[in-house]
1. If we keep just the residues of segment B:330-353 that are under 30 Å from B:Phe61 (Cβ atoms) and surrounded by fewer than 19 Cβ atoms within 10 Å (Cβ to Cβ), which is farthest from the chain's Cα centre (by Cα)?
2. Tell me which of these B:Pro184 doesn't satisfy, since it passes every other one: (1) within 11 Å of chain A (Cβ to nearest Cβ); (2) assigned to a helix (DSSP H, G or I).
3. Determine whether segment A:154-168 contains at least one residue that is acidic (Asp, Glu), in contact with an Asp or Glu (Cβ under 9 Å, 6 or more places away or on another chain) and closer than 17 Å to A:Trp46 by Cα.
4. Here is a list: B:Arg42, B:Arg127. Which entry is at pLDDT 95 or above and more than 30 Å from B:Gly420 (Cα to Cα)?
5. Of the residues B:Ala322, B:Ala277, which single one is at pLDDT 95 or above, surrounded by fewer than 16 Cβ atoms within 10 Å (Cβ to Cβ) and more than 24 Å from B:Ser38 (Cβ to Cβ)?
6. Taking B:Val34 as meeting all but one of (1) surrounded by 17 or more Cβ atoms within 10 Å (Cβ to Cβ); (2) more than 29 Å from the chain's Cα centre (by Cα), write down the number of the exception.
7. Would you check which residues across segment B:138-181 are under 18 Å from A:Ile13 (Cα atoms) and either more than 7 Å from chain A (Cβ to nearest Cβ) or touching a His at 6+ places or on another chain (Cβ under 8 Å) (or both) and list them?
Amino acid sequence: MTLASTTAAAASIPRSRLWGIGRYYVDDTPVDFEIGWDDWERDTAWARAMLADHGIGPGSGLVIVGGMPESPWFDPFETAARELGAPYSIGEVYPFEAFRTGMYVHRLPITMIFGINRAIAEALGDELADVVAQVGVIVARPDAHPVLQDAGARPFTVTRIGPALAVECPDRAGAHLNGAEWIVTEEDGRLFITSAGSRAHRASRAALGIRGSVSAGPCGCGRTGQRVTVSPSQGV
Amino acid sequence: MPDDRYFEREIETMPRTRLASLQEERILDLVPYVYERSSLVRKAWEQAKVKPADINSLADFTERAPFITKDDIRRFRDQAGDPFGGLLCTDYADVTTVFSTSGTTGDATFYGHAWDRWHPFWAATARDLWGIGVRPGDYVLGSGFKMRGQLYHADQMCGAIPVLVDTGIGGWATALDAIRRYRPAYAQLTGLAMVELDHLSRHNDMNELFSCFKGAAFAGEPLGARMREQLKRWGVEVYMWTSAGDVTGAFECGQHDGCHAWEDTVLLEAIDPSGTAAVADGELGELVATSLDNPITPMVRFRSDDIIRMTRQPCGCGRTHARFWPVGRKGDETIVAGRSFVPMDIWRALEAVPETATALFQLVRPAREIDELRVRVGYDPDMTTSVAEVRDRVCEAISAAVGVQPVLELLPEPELLARGRGGKLPRVVKA
């Protein structure tokens, strides 16, 4: 079959040095970061655990709202959904694509929306209340929280922290960072990031242009690493 | 193993007799499988009084198997409350991804896949990218939209490194910076991207920027003559690609002589648009697709509404799989006051007016036959000093092209761009 033959052909040539290259912005200045294949595998393992904590498993339907350039952050969650046996769909982040997120929720047995942003939440308009009522778990960008709360949701947080992604667990005690990979420090309310693992992208106290706070200590979910909180105006 | 020309030489250059045998084998497996599992297909076959036992060859299939249209899928979906419109052949839990058609020409429909490592929709695209020249270690600029999934899988399958910067709406100014930095070999372009690049070309040396490119693919809508000329001036070799009936992608090769449909993954037919008979090679026909490698939501003789010309003659590149040339959408022909035209006629007219040369427009058409020609047109606000004066010239250009005076709604380009979906602007809308 075609998939089998092309997969075999791909396996016969050298794998690229990197999984890919991503880009985030600090005060409008682009910062590029490399993602190695090992990085991607570890990010996926962490994503799998985070999704499983939210009850995602075989047959759970997800809508993952993330644009193509956000793939360095969101692909591990897509891959994790696949590995968990959870069918997923992708909603774009542009307002004119909001209909797609709404359509998936209305037509499929969706149990989680992951990554919804303010643009999509607002563009859903009157439909948002129905979407919120139908989906058990909404993990949203900080800027979407006020809109979702007005529609009756109690969203969890997912937010990009420079090259990292922070995700809240069901205990609602701040968004977890993968502590094996990243360390975030706070100085006068400003966040800085340092790479902790053997990542392709090395960062040492790199400014993120984000204001927020960091907490540590055990969480009810059993994780012991850092958790971050950013305001709705800061998170992406 | 990939060689200097082909990702899968044996398959891509397979003699047509062997290709037909392979297709027959897959069709004979598919028919009982799908009849047993797909509610929509079974319903269509029962109505046509055709049973799997009646299909014993590829010829039987193309003579007797009933067609399915997108409206059939929508109707079944709405009547049966089945999100997949009766196409799903497995449990929902067995599906890995559910994506949807762009929705530019109507209500979007779903298609599902099951997969482990590479998304099946893009797996065969690795052959096309390899043919364009994408090689291990190359950087490739990521595409602008993800609604059809991880297109970068095809890059990674070729050993290339996707540079995932914003190439969606409003992202190209910063994407140019990534081109300078990584010197990518390849990128995906859309009409909406071309609008941005057109503006950016006023302040950037596009020839220098694109000099690293082995090629760029363009999809989503026709490439207007002006855009094509502009890309040529920038030194970009453009490879058109399109969807083969929502089953897989079909790309041009370096011969630029039709889009290759990988016939080990799709059975392609060109059928009389107003009938059921196959048309001869090179004649206008409607693209009809049958999935040969999707056990989740296989299309079976799906009438795509895409009007094409197709040939099964071998290509100059050495590949033997069928090629086709998209011509337009069935039903795009519009009649105003007894005069007939297609959207490309308006496209060409707008390209001749500098302020609307990006040809961003929508034909507002509640029905195929209309009394009044209403066109929504985007103009470049940076180039426009008098909207009224632009209106006069646009009216004159459209009137000359189609023989009817239009009623115009002029909007600044960004406002019209915001009405795009899935990387393209619907060219024919009801309101």
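1. Here is the first cut: in segment B:330-353, the ones under 30 Å from B:Phe61 (Cβ atoms) are B:330-332.
When the remaining residues are screened for being surrounded by fewer than 19 Cβ atoms within 10 Å (Cβ to Cβ), the result is B:330-331.
Details: B:Lys330: 14, B:Gly331: 17 Å.
Among residues in segment B:330-353 that are under 30 Å from B:Phe61 (Cβ atoms) and surrounded by fewer than 19 Cβ atoms within 10 Å (Cβ to Cβ), the one farthest from the chain's Cα centre (by Cα) is B:Gly331.
2. (2)
3. no
4. On the way: B:Arg127 fails: more than 30 Å from B:Gly420 (Cα to Cα).
After ruling out the rest, the residue left standing is B:Arg42.
5. Numbers: B:Ala322 fails: surrounded by fewer than 16 Cβ atoms within 10 Å (Cβ to Cβ).
Answer to the check: B:Ala277.
6. Condition (2) is where B:Val34 drops out.
7. Here is the first cut: in segment B:138-181, the residues under 18 Å from A:Ile13 (Cα atoms) are B:138-140, B:152-162.
Hits for segment B:138-181 are B:Asp138, B:Tyr139, B:Val140, B:His153, B:Ala154, B:Asp155, B:Cys158.
Quick grid of which residues meet (1) farther than 21 Å from B:Ala173 by Cα; (2) touching an Asp or Glu at 6+ places or on another chain (Cβ under 9 Å):
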site: B:Arg202; (1), (2): no, yes
site: B:Asp205; (1), (2): no, no
site: B:Cys212; (1), (2): no, no
site: B:Ala219; (1), (2): no, no
site: B:Lys232; (1), (2): no, no
site: B:Met240; (1), (2): yes, yes
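The values are calculated or read from the model by the stated rules, or taken from the named source; none is laboratory data. These numbers were taken from a predicted model, which means no experiment stands behind them. Please note: Cβ atoms are built from the backbone with ideal geometry, for glycine as well, and neighbour counts cover all protein chains shown.
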